[in-house]
Structure formats: structure tokens, C-alpha cells
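S.K.: Below are the C-alpha cells for one structure; questions will follow.
The values are calculated or read from the model by the stated rules, or taken from the named source; none is laboratory data. All values reported here derive from a predicted model rather than from experimental measurement. Here Cβ is always computed from backbone atoms with ideal geometry, including for glycine, and neighbour counts include all displayed protein chains.
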Amino acid sequence: MTRGTHKDKWEETFKEYGYTNYELKFDIIGQEKVDFIKSAQIAFHPSLRESYGFSAFESLHSCPTILVKEYEWWKNFEGSAIVVEEKNLVDEIYKIYNTPYDKNTYCEYGVSKYDETCSIWESFINGFERKKKESVRKNKFTELVESNPHISVSEYYDDQFKQDRYDCLMSNYMAYNVFYLKDKTYISKKSVIDLSESIPSIDDIFS
């Protein structure tokens, strides 16, 4: 499995070594990609670099996943993936390929990692305390916040981006309270907001 831009390189490599028993997939997504990964007996990731190692995440839930020790991104998966020195790859891949294993074990690992990741993000979000600025630089944004119960960030920006509005907000928003709701984000000088309170048109303020 690779990207379309790498397809020819892999075909040339297989041809060079006289290897014909292969199925090469490229640029696949969605269910086709899931099914292809699930069909694999093992997964070997020879990439020199991986920004986040997403490719390894994709196979760890399904089968033994082999990474190259000389390529340091394997450290993100220490204890999860099988890390092999480059000189031993051929022998180790052959041995792992021919060793029976229970696929359910890998599925359970994938579920546990997903739950663990969600839990970490939830703890981070719930425990995050934003440091507020002690002072503000007066401008149209502060005038708007100080004179109204709350403002909607999306309405503040309007459908069209306006540089003066961005500059006003970014220079001062840390001095106020930010409320992240399901559909909108609000800013207010209050510690609690009441969305039933009326607020003026944003364009009226900037007109």
C-alpha cells in the first residue's frame, strides 16, 4: 500500500528482485483501505520519516506491525510495534509472517488505545486553565465586549474576513472569558453568560 507517486518505484523494485507475487494498492481510502489492511498477515513500515506515524496506527489494530530501528519515529510506538534492526529485517519479517497469532488481540489493543487517547484529550480539555491578561489595549473589540453581555466570535468575524477585526480580537481576547459551546464560541467579561440577552449587530459597531 503506497501513494500513487510511489507506485512505479515499488514496481521497479519488485521487478529488480524478480518478485511477482504481490498486490500493490495505492491512494486507497475508506472501507477499501480498511479491508486491505485487515487482510494483511503482517505490516512493515519502511518509511524513513513519518510526521506522526499514522501509517503504523492504521495497522497496529489488525496485525503485527514492524518498524525499522534506525528510523527513530519508531519510538512513538515503543512497546506496541515490533522494532527490528535493518540488518535483521529479512529474517525477522519471515519469522513473524510465519508465526500464528490471534487477530482479536490486536483489535482489543486498537480499542484500548482509542479509549486512552479520548481520555487524555478529555482530561486536558477539562483541566485547561487559560491565563488571562491583566490589561487590555482599547479598541473596537474591547469596546464591544465591555458594553455588551457577550459577543459571538463567528459573528464578529462576519462571513468575510476583515483584518481590522482580527487584529482587534487577537490583541485582547486573552483578557476576557471564552465560552466554547456546541455551535459557537462566545467572549464575555462575565464569568457566566446568558444567551437570551440581546446583543447589537456587529456591523453596527464597525460601521
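S.K.: I'm told residue 54 meets every condition in (1) surrounded by 14 or more Cβ atoms within 10 Å (Cβ to Cβ); (2) of a type in the set (A, V, I, L, M, F, W, C); (3) closer than 16 Å to residue 2 by Cβ except one. Can you identify the failing condition by its number?
M.R.: Every listed condition holds for residue 54 apart from (1).
S.K.: Go through region 32-58 and report how many residues are polar (S, T, N, Q) and modelled with pLDDT under 90. Outline the logic, then answer.
M.R.: The initial filter retains those residues of region 32-58 that are polar (S, T, N, Q), namely 39, 41, 47, 51, 55.
When the remaining residues are screened for being modelled with pLDDT under 90, the result is 47, 51, 55.
Qualifying residue count, region 32-58: 3.
S.K.: Quick check on residue 30: is it within 20 Å of the chain's Cα centre (by Cα), exposed (fewer than 14 other Cβ atoms within 10 Å of the Cβ) and among the small types (Gly, Ala, Ser)?
M.R.: yes
S.K.: Now for a separate question. Please determine whether any residue of region 49-66 is within 19 Å of residue 22 (Cα to Cα) and of a type in the set (Asp, Glu).
M.R.: no
S.K.: OK, next. Can you tell me which of (1) loosely packed, with under 10 Cβ neighbours inside 10 Å; (2) within 19 Å of residue 101 (Cβ to Cβ) is the one residue 5 doesn't meet?
M.R.: (2)
S.K.: Kindly list the number of the only condition in (1) in contact (Cβ under 8 Å) with a residue 24 or more places away in the chain; (2) surrounded by fewer than 17 Cβ atoms within 10 Å (Cβ to Cβ); (3) touching a helix residue (DSSP H, G or I) at 6+ places or on another chain (Cβ under 8 Å) that fails for residue 93.
M.R.: Of the numbered conditions (1) in contact (Cβ under 8 Å) with a residue 24 or more places away in the chain; (2) surrounded by fewer than 17 Cβ atoms within 10 Å (Cβ to Cβ); (3) touching a helix residue (DSSP H, G or I) at 6+ places or on another chain (Cβ under 8 Å), the odd one out for residue 93 is (3).
S.K.: Could you pull out every one of the helices (runs of 4 or more DSSP H) wholly within region 116-184 that has 1 or more residues that are modelled with pLDDT of 75 or more, in contact with a strand residue (DSSP E or B) (Cβ under 6 Å, 6 or more places away or on another chain) and surrounded by 10 or more Cβ atoms within 10 Å (Cβ to Cβ)? Outline the logic, then answer.
M.R.: Details: elements: 140-146, 153-157, 163-170.
Passing ranges, in order: 140-146, 153-157.
S.K.: Can you find a residue in region 61-69 that is within 19 Å of residue 1 (Cα to Cα) and either surrounded by fewer than 10 Cβ atoms within 10 Å (Cβ to Cβ) or touching a Gly at 6+ places or on another chain (Cβ under 8 Å) (or both)?
M.R.: Restricting attention to region 61-69, the residues satisfying the condition of being within 19 Å of residue 1 (Cα to Cα) are 61-68.
Retained after the next criterion (residues that are either surrounded by fewer than 10 Cβ atoms within 10 Å (Cβ to Cβ) or touching a Gly at 6+ places or on another chain (Cβ under 8 Å) (or both)): 61-62.
Within region 61-69 (the criterion being within 19 Å of residue 1 (Cα to Cα) and either surrounded by fewer than 10 Cβ atoms within 10 Å (Cβ to Cβ) or touching a Gly at 6+ places or on another chain (Cβ under 8 Å) (or both)), the answer is yes, since at least one residue qualifies.
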